[in-house]
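Below: one structure, written as structure tokens.
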Amino acid sequence: MTDHWNGRRPAGRIAYVNGRYMQHGDAGVHVEDRGLQLGDAVYEVCRIENGHLLDEEEHLDRLERSLGEIEMAMPMRRGALKLVMAETVRRNHLRDGLLYLQVTRGALKRDHPIPERAPKPTLIMTARGMDEAALARRHADGISVIVCPDQRWGRCDIKTTQLLANLLAKTAARRAGAFEAWLIDGDGFVTEGTSTNVWIVDGDGRVITRDLSHAILPGVTRRVILEAAAEAQIPVVERRFTLAEALSAREAFMSSATGAAIPVTSIDGKKIGDGKPGPLTRRVAELYARRSQERLS
Ligand code: PDD
């Protein structure tokens with residue numbers, strides 16, 4: 001197979017594709033795969049901590065929901081899926097990192113409609129380490145975001161692999177020296193980040209995050225933070241907020257499986273609060289970390 005890795009093949013990485021564990025560099029799917037040809041696919045990303053998958057059940061619940069919304073069933077029983085997930089982590093010798101899982105509708109002669117007879121779905125799993133030091137720096141120092149118009153489709157609650165609008169906005173952010181882009185809907189409200197949910201803290205110390213709808217992904221990390229905040233009696237409001245509110249917020253942060261709760265210290269070059277990670281953000285990050293430890297032990 002051609003070398004996809006510009007001569008830097010990731011040594012020892014193992015990918016799972018449709019029942020087989022393969023060298024990462026040799027793994028691939030059929031050219032007629034509907035995931036490749038039509039973006040007819042959904043995915044999940046799980047954090048690996050201490051060799052365990054964080055919030056695994058919630059990620060599998062969301063996978064099942066995303067699949068249901070596009071008229072697909074789980075590619076295998078949940079117990080079997082968990083075994084493959086664990087085995088993929090094990091074969092990659094990972095203590096900490098990320099597990100990616102994609103399910104496509106499978107390979108079939110290209111045609112738009114959902115086929116009457118479902119082909120065999122394609123199931124892909126890959127795992128990799130993370131730059132843990134860089135993540136720790138982001139937690140300690142906070143990150144900058146830019147804002148971009150939300151150009152995605154009307155069902156952002158489905159975790160689809162169709163990520164063009166997301167990747168264009170993320171690219172704009174990186175080219176502007178920022179880490180993430182916050183997406184703004186047609187009414188001037190912040191929907192979410194390109195791969196994160198968004199949060200602000202108002203002048204009264206209330207934590208605000210956008211309410212669930214078709215406009216945002218129901219983040220697993222978001223949900224765990226909401227539960228942890230409720231337990232700690234931190235006031236939280238689930239409602240949409242404008243860019244103007246975000247710019248005048250006392251604190252801001254974003255959440256995802258890949259980064260937990262990361263402080264946002266500037267938006268479009270304007271300092272949030274005093275331009276440093278805020279105390280409530282730190283508290284939420286600590287609560288989330290503690291809860292993760294409890295869940296893993
Ligand atoms: N992204 N919103 C979007 C658009 C996302 O893609 C993600 C996750 C989130 C946060 O969801 P969770 O807390 O379940 O990770 C919100 C993953 C990490 C990714 O695409 O890499």
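The values are calculated or read from the model by the stated rules, or taken from the named source; none is laboratory data. Source: prediction; values computed, not measured. Note: ideal-geometry Cβ built from the backbone for every residue, glycine included; neighbour counts use all protein chains shown.
I need the helices (runs of 4 or more DSSP H) fully contained in region 164-248, keeping only those with at least 1 residues that are within 12 Å of the ligand (Cβ to nearest atom) and surrounded by fewer than 20 Cβ atoms within 10 Å (Cβ to Cβ).
Counting at least 1 such residues, we get 164-175, 220-231.
Give the residues of region 201-232 that are more than 16 Å from Ala257 (Cβ to Cβ) and among the small types (Gly, Ala, Ser), sorted by residue number.
The answer is Gly203, Gly205, Ser213, Ala215, Ala229, Ala230, Ala232.
Could you tell me which residue of region 103-123 is farthest from the ligand (Cβ to nearest atom), considering only residues that are in a strand (DSSP E or B) and surrounded by fewer than 21 Cβ atoms within 10 Å (Cβ to Cβ)?
Checked region 103-123; the qualifying residue farthest from the ligand (Cβ to nearest atom) is Ala107.
Return the residues of region 249-297 that are among the acidic types (Asp, Glu) and either buried (at least 20 other Cβ atoms within 10 Å of the Cβ) or within 19 Å of the chain's Cα centre (by Cα) (or both); say none if nothing qualifies. Can you show your working first?
The first filter runs over region 249-297 and keeps only residues among the acidic types (Asp, Glu), leaving 251, 268, 274, 286, 294.
Of everything in region 249-297, just one residue is among the acidic types (Asp, Glu) and either buried (at least 20 other Cβ atoms within 10 Å of the Cβ) or within 19 Å of the chain's Cα centre (by Cα) (or both), namely Glu251.
Do we find that Thr265 is under 30 Å from Gly129 (Cα atoms), of a type outside the set (A, V, I, L, M) and within 16 Å of the ligand (Cβ to nearest atom) in this structure?
Criteria not met by Thr265.
Of the conditions (1) under 15 Å from Thr161 (Cα atoms); (2) more than 11 Å from the ligand (Cβ to nearest atom), Gly51 clears all except one; give me its number.
Exception for Gly51: condition (1).
Could you grab me the full set of residues in region 229-262 that are more than 25 Å from Asp131 (Cα to Cα) and touching a Phe, Trp or Tyr at 6+ places or on another chain (Cβ under 6 Å)? Walk me through how you get there before you give the answer.
Keep residues of region 229-262 that are more than 25 Å from Asp131 (Cα to Cα), which gives 229-251.
Passing the criteria: Arg240, Thr242.
How do the pairs read when you match residues in region 156-168 that are within 16 Å of Ser256 (Cβ to Cβ) with residues anywhere that are within 10 Å of the ligand (Cβ to nearest atom) and of a type in the set (D, E, K, R), using Cβ under 8 Å and keeping only pairs 6 or more apart or on different chains?
Cys156/Glu192; Lys159/Glu44; Lys159/Arg62; Asn166/Arg152
Taking the conditions exactly as written (in the same structural domain as Ala41 (by TED's automatic domain parsing) and either touching a strand residue (DSSP E or B) at 6+ places or on another chain (Cβ under 9 Å) or of a type in the set (Ser, Thr, Tyr) (or both)), does Lys120 satisfy them or not?
Working: in the same structural domain as Ala41 (by TED's automatic domain parsing): yes; either touching a strand residue (DSSP E or B) at 6+ places or on another chain (Cβ under 9 Å) or of a type in the set (Ser, Thr, Tyr) (or both): yes.
Taking the combined requirement at face value, the residue satisfies it.
Considering only residues that are within 13 Å of the chain's Cα centre (by Cα) and modelled with pLDDT under 95, which ones fall in region 35-78?
Once the filter is applied, which keeps residues that are within 13 Å of the chain's Cα centre (by Cα) and modelled with pLDDT under 95, region 35-78 yields nothing.
Please go through region 61-72 and give me each residue that is within 12 Å of the ligand (Cβ to nearest atom) and surrounded by 19 or more Cβ atoms within 10 Å (Cβ to Cβ), ordered by number.
Residues satisfying the conditions are Arg62, Leu63, Ser66.
If Arg34 passes every condition in (1) within 16 Å of the ligand (Cβ to nearest atom); (2) under 20 Å from Lys159 (Cα atoms) but one, which one does it miss?
(1)
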